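Asks: Dropping a structure here in structure tokens format, bear with me for questions.
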């Protein structure tokens with residue numbers, strides 16, 4: 001390992017280089033991961049998104065040492081997973097919490113009993129274990145459910161138990177493998193809010209595996225898009241949403257916005273988009289975080305044109321507006337052209353749809 005590579009690994013809690021994983025099946029070899037490279041910094045909330053079978057779960061299992069890989073390296077907190085002796089690997093795994101879609105709770109044990117399971121080989125005596133369980137249940141707002149059994153809980157409550165159990169040994173990394181996929185939207189929102197709170201208060205690094213771009217949008221600061229075992233795009237969440245490059249990323253981003261419905265309106269010949277002489281229909285998108293002006297009212301006043309907003313979809317990601325508007329500009333052609341030029345100069349993406 002070069003000095004430069006070692007320094008890079010020290011800056012990142014998880015560093016993955018040229019990772020390869022192939023499964024041997026009756027039908028031959030199946031490549032699950034191919035030349036995967038990722039850097040996950042301490043305190044990141046890092047999203048990994050892909051379709052079913054893209055290799056997401058295999059990647060997670062390589063990170064926590066449950067899956068052996070065929071090539072490359074996975075370094076967690078400065079230690080290469082593949083070469084660790086069993087005792088050291090168990091130590092690393094205790095520093096990596098994990099939650100799943102299916103909760104994986106023991107139905108015969110109470111909520112407190114399920115959380116305590118993770119502490120049985122911790123070296124704590126019974127009283128200290130009970131004290132730690134009480135602390136963990138308070139952390140996930142389930143203190144009053146300590147003596148309940150899993151079948152008495154809602155899906156969201158079960159996931160909170162699983163989160164408490166995953167935090168039992170004070171992990172530095174929490175892996176979430178499709179942990180909200182079985183939950184309704186409101187419950188998903190509450191679980192993501194809890195994870196963000198834990199991240200902020202405990203200094204956790206969280207890796208979220210999902211096929212839902214809405215989950216990435218709500219909680220992550222960085223995201224990698226995986227397609228057929230290969231990372232096709234990676235970066236800050238705001239940048240990826242503002243300017244997705246890979247076709248799969250563009251498809252994922254489209255699921256979180258209604259700006260694409262303008263294409264249906266145009267195709268159907270809707271009266272909403274029937275233009276009169278001198279009008280221009282355009283789609284405006286925020287592509288930079290450095291936008292804070294009231295741009296619509298500004299161009300209307302400054303260039304003496306009318307701006308009719310058809311619809312919009314604007315969200316806040318990383319404390320900046322993201323999304324856009326579909327609008328009709330009405331006025332002299334030279335003024336509209338100048339207004340469009342001004343918007344582009346203010347880091348607004350402009351797509352003229354019809355005129």
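Asks: Tell me, yes or no, whether region 257-276 has at least one residue that is without any contact (Cβ under 8 Å) to a residue 12 or more places away in the chain and on the phi > 0 side of the Ramachandran plot.
Replies: yes
Asks: Can you tell me which residue among 224, 162 is more than 17 Å from residue 63 (Cα to Cα), crowded, with 22+ Cβ neighbours inside 10 Å and out of contact with any helix residue (DSSP H, G or I) (no Cβ under 7 Å at 6 or more places or on another chain)?
Replies: Just one listed residue meets the conditions, 162.
Asks: Here's something else I'd like to know. With respect to residue 135, is the statement that it is surrounded by fewer than 19 Cβ atoms within 10 Å (Cβ to Cβ) and under 19 Å from residue 198 (Cβ atoms) true?
Replies: yes
Asks: In region 75-104, which residues are touching a residue at least 60 places away in the same chain (Cβ under 8 Å), more than 21 Å from residue 19 (Cβ to Cβ) and assigned to a loop (DSSP other than H, G, I, E, B)?
Replies: 101, 102
Asks: Ok, one more. Could you pull out the residue among 45, 99, 16 that is at pLDDT 95 or above and within 26 Å of residue 136 (Cβ to Cβ)?
Replies: Sole residue among the options that is at pLDDT 95 or above and within 26 Å of residue 136 (Cβ to Cβ): 45.
Asks: Would you mind stating whether residue 273 is under 19 Å from residue 343 (Cβ atoms) and in contact with a strand residue (DSSP E or B) (Cβ under 7 Å, 6 or more places away or on another chain)?
Replies: no
The values are calculated or read from the model by the stated rules, or taken from the named source; none is laboratory data. Here the structure is a predicted model, which means the values were calculated and not measured. No Cβ is skipped: glycine too gets one built from the backbone with ideal geometry, and neighbour counts run over all protein chains shown.
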